[in-house]
Amino acid sequence: MIPSKKRLSPVSIGLFISLLALGIGAPVVAEDLSDNETCLECHADQARPEPENTDRPRVHNEDGSFAVEDHEMWSCIDCHEMITEIPHPEGINGSDVNCENCHDTTPTVD
Ligand code: HEC
Ligand code: HEC
Ligand code: HEC
């Protein structure tokens with residue numbers, strides 16, 4: 001005979017189904033794109049190339065850290081505006097950042 005406490009009561013089965021319907025316990029949690037940790041889960045160990053526009057100073061050092069301390073406080077998506085979902089489509093250009101969203105003119109290499 002099966003001990004009764006090993007059987008799920010109809011009430012707990014019902015509760016389980018309604019929690020699933022609410023998305024609680026579902027494997028995928030909506031990701032906060034403005035949290036840099038979300039991005040760094042995948043991009044932390046990736047080398048950052050030189051900017052395509054060679055008149056522009058680097059924003060990232062090759063190891064992914066920031067060349068200018070003032071940039072550390074921003075969200076990745078303040079600059080990488082085209083990233084609106086994860087996973088993102090292929091062929092995104094990391095250099096496609098508009099400096100003039102924050103700067104009066106695009107900074108140049110001295
Ligand atoms: C689940 C893993 C994952 C997460 C999380 C993620 N990315 Fe990506 N990202 C990728 C992959 C894979 C590519 C395309 C392949 C590649 O070139 O590295 C890519 C490409 C890019 C590129 C284009 C540059 C390149 O290397 O081709 C940028 C910029 C970028 N991601 C920024 C972000 C930002 C900003 C966030 C956070 C909002 C983010 N990513 C979150 C996996 C991820
Ligand atoms: C101040 C603007 C700015 C911020 C903030 C910023 N980036 Fe970038 N990112 C750039 C620019 C510009 C490039 C092109 C290379 C360069 O100029 O250093 C780039 C390049 C990249 C690349 C490589 C793209 C390629 O073509 O392979 C990745 C990946 C990336 N950034 C991820 C991130 C992540 C993750 C964060 C947040 C921790 C972040 N970026 C924050 C401006 C920014
Ligand atoms: C989301 C806002 C934001 C974006 C986008 C942004 N910056 Fe900045 N950056 C700042 C702030 C804020 C400072 C510190 C105040 C200042 O110097 O204007 C700064 C400072 C700098 C500095 C050091 C000070 C100076 O002006 O010489 C450089 C270099 C720089 N940014 C380069 C860039 C480049 C290149 C881009 C585009 C690829 C860019 N930034 C995009 C916010 C931004």
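Amide H neighbours of His60 under 5 Å, at least 5 residues apart or on other chains, H built in the peptide plane: list them.
Distant-sequence amide H within range of His60: Ala67.
Points 7 angstrom from Cα along the Cβ direction at Thr84 and Cys42: gap in nanometres?
Each label point lies 7 Å from its Cα, and together they span 1.7 nm.
Give me the number: length gained by fully extending Phe66 to Cys99, i.e. 0.36 nm times residue separation minus the C-alpha to C-alpha distance, one decimal in nm.
10.4 nm
Could you derive backbone 3J(HN,Hα) for the stretch 90-104 from the dihedral phi with the Karplus parameters 6.51, -1.76 and 1.60 (θ = phi - 60°), listing whole Hz in sequence and x where the residue is Gly or Pro?
Listing the rounded values in order: 5, x, 6, 9, x, 7, 7, 10, 8, 4, 6, 5, 10, 9, 4 Hz.
Values in this text are rule-based calculations from the coordinates and carry no lab data. Just so it is clear, the structure is predicted and the values come from calculations on it, not from any experiment. Virtual Cβ from ideal backbone geometry, glycine too; neighbours counted across all protein chains shown.
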